[in-house]
Structures are given as C-alpha cells and as structure tokens.
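For reference, the structure is listed below as structure tokens.
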Amino acid sequence: EIPETQLHTQIVLPLLRAMGMRHVEYLHGSFERGKDLVYLDQDAFGDDVLAVCQVKNDKFHGRASDSGNTAGVLTQLLQSKSYEVLNPSTSLKQCPQQVVLITTWSIPDRDTADGGGLLNDLKKNNIKIIKTANLWKARSRN
C-alpha cells in the first residue's frame, strides 16, 4: 500500500545494505532504464559482483498496453543486463553481472505459461525474481 518510491528508499535500499550489499545507490527516474538500484555484492570468492535491482509494487498482468505487463517487465529485466551502469566503486561504466527484480506480487503463471524461452533466458542470464516475503527470509539468515 505504500508508494513505490517509498518502498525503494525506506525498505529495499536499507534492507540491501543490512544484507551486506555495498555502494547501494538509488537510480529511480526518467533515465533509469529499468534499474531502480545499483549495488555491489560479493561472490563466494570475495570478488565484487555489480548488480542492478528493479522494484515493482504493482500487480502483473497480461494486458500489453500497461506498464505492469508481465512479458514487458521480464523483457526489460533481460535487456538491463546489456545496459552499462556506473560501477559505484570504480566509477567505470560496465554491464551488470546480476539483475534482480524485487516484487510485492507473484508473476502470474497464466502470463508466462507460453514464455518458456523468455524464462530460460532469465535463468541463463543470472536474473533473479524475488518476492518481498522471500527477501525477508534471506535477511533473517544473514
């Protein structure tokens, strides 16, 4: 029930920091290109992983003309893997190694039932879709 910008700045951003993400920056705006947040994570070997995050607070649906169009959002996630962002620790532009969608709503099965290729592409490209409830569980493990 809270506005999306408040969800970004008051909940997701501090939660990512509490989970150990570094250099978390808010990018929401007209030039975001599907990325609300950029941050650095670490892989199992301690190397930096540049990640971008999109946050959705609206229901997904199959209507092609709306911004909550499921296929459109998933395609945007895939495309964001190839858009360079400014790495907050090096100040160099590079493509993110990981893309995350944090959503308060589940992706409806009916909208992705015939989208096997798109869903496989998301998985191959290390794109994660996380419901906020699962984000809280991940936070409690850290």
Computed FRET efficiency, Cβ-Cβ of Thr90 and Ala18, R0 25 Å: what is it to the nearest 0.05? 0.60
Paramagnetic reach from Asp48 in the stretch 3-29 [backbone N under 18 Å; point 7 Å along Cα→Cβ]: 17, 20-27
Want the number for Tyr83 to Ser106: 0.36 nm per residue separation, take away the alpha-carbon distance, what's left? 5.7 nm
Segments 10-21, 97-108 sorted - mean Cβ within 10 Å per residue, highest first: 97-108, 10-21
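Among 117-125, 74-82, what's the highest-first ranking by average C-beta atoms within 10 angstrom per residue?
Ranking the peptides 117-125, 74-82 by packing returns 74-82, 117-125.
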Label-point separation, Lys59 to Leu118 (7 Å along Cα→Cβ), nm: 1.9
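Read the figures in this text as sums done on the coordinates, not as results from a lab. Treat the numbers as computed from the prediction; the structure is a model and nothing was measured. In this analysis, Cβ positions are derived from the backbone assuming ideal geometry, glycine residues included, and neighbour counts consider all displayed protein chains.
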